[in-house]
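Okay, structure first, notes after.
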C-alpha cells in the first residue's frame, strides 16, 4: 500500500547487502600510521552493517546479506547484529577468507584517513550465489550503499537483488556514498545509473546531489532525479541540517547542535532512521526529525556502530537537544 507521500511500500523486512568489517581507530588526533601508536578496537563496522543495525534498534524487521571470515572479527560483527535484532541468516561465514578491516586516524582539521582491507576480504567474495530468495521475497525495502559496489561480482548480485525486490512490490533506497573517481570507470557509472533507475528514496550527502545528474546545480539535479522516477530525495547536510524533496514540494530542517567526536556512521544512522520511520508509517516531518536526531546523536559517540539508538534513546536526546 502507498504511504502518506505516495511512495509504494510493502509490509516486510528492510534488507541491506554489502561489506561487513571491523574498524580499528587511532586514539590521538593527528596520529599517523607511518609510526607506532596506540589503537583502539576492533569495532563492528561497514556502512550497510551500521545501517541495518540502526534499523533493528528501531524495531523494524530487518536482515543483512554479506560475507565474513571464519575469525573473531566475523564473530564480533555477526553477534553484534544478532544481539541488536538483525536477521543474520544471510551472512555467510567463509572458511578461507578474512573479515574486512579499516584502520582510521583523525586529522587536526576533522577529516579522516583510512587504510582498508576490503577488496581482499570475505566481503569481496559476495556474489549472486549469496542471495537469499526467501529474504528478498519478504523484503519491503532494499537498501543499497554505493560503498558496497567495489567489485563487478557484487554489482551483479546487487542488480539481481534490486530486480527481485521491485518485482515483488518492494521499494529501493540508495545512499550513493561514492567518490568522484568511481564515476570515471564506465562500468561503475553504468551500475550507478542502473540502481538509480530503480530507486524510490535517494539519500545523498550534499556534495553528491549532482554526481549522478547532468545538471550542475542542486535544484536542477533534484528536478532531474524526480523526473527520472525517484519518489523522494533526502539530502544530508551534516551540521547544516537536511532537506526533503518530492513531486509536491520541499521541506528543510536545521541540524541539532552537538559536539562531534566521531562522524563515522552518522549518515548511515540518519538514512536508516528515515527509512525505518517511513516504513513504520510516520510522515516526512516526523521521519526527518528522528533521522536528524539519530545522526546528531551518532557523531557524539566514538565508534562506527556505537552510536546506533533506540526510539527511547532518541526521545531522550530530543528532550534536551537544541537546533
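The strands (runs of 3 or more DSSP E) found wholly in the range 167-260 and carrying at least 1 residues that are exposed (fewer than 14 other Cβ atoms within 10 Å of the Cβ) occupy 249-253. Within the range 143-157, not a single residue is under 19 Å from residue 51 (Cα atoms), assigned to a loop (DSSP other than H, G, I, E, B) and at pLDDT 95 or above. From the list 272, 266, the lone residue that is within 25 Å of residue 111 (Cβ to Cβ), in contact with a helix residue (DSSP H, G or I) (Cβ under 6 Å, 6 or more places away or on another chain), free of Cβ contacts under 8 Å to residues at least 60 places away in the same chain and crowded, with 22+ Cβ neighbours inside 10 Å is 266. Across the range 91-109, the qualifying residues are those that are assigned to a strand (DSSP E or B) and out of contact with any helix residue (DSSP H, G or I) (no Cβ under 8 Å at 6 or more places or on another chain), and the one among them that is surrounded by the fewest Cβ atoms within 10 Å (Cβ to Cβ) is 103.
If only one of 287, 291, 309 is without any contact (Cβ under 8 Å) to a residue 40 or more places away in the chain, in contact with a helix residue (DSSP H, G or I) (Cβ under 8 Å, 6 or more places away or on another chain) and more than 25 Å from residue 105 (Cβ to Cβ), which one is it?
Values: 291 fails: without any contact (Cβ under 8 Å) to a residue 40 or more places away in the chain; 309 fails: without any contact (Cβ under 8 Å) to a residue 40 or more places away in the chain.
None of the others qualify; the one that does is 287.
Scan 92, 137 and give me the residue that is over 17 Å from residue 46 (Cα atoms) and without any contact (Cβ under 8 Å) to a residue 40 or more places away in the chain. Going through 92, 137 in turn, the sole match is 137.
The values are calculated or read from the model by the stated rules, or taken from the named source; none is laboratory data. Quick caveat: nothing in here was measured; it's all calculated off a predicted structure. When we count neighbours, we look across all protein chains shown, and the Cβ atoms used for this are built from the backbone with ideal geometry, even at glycine.
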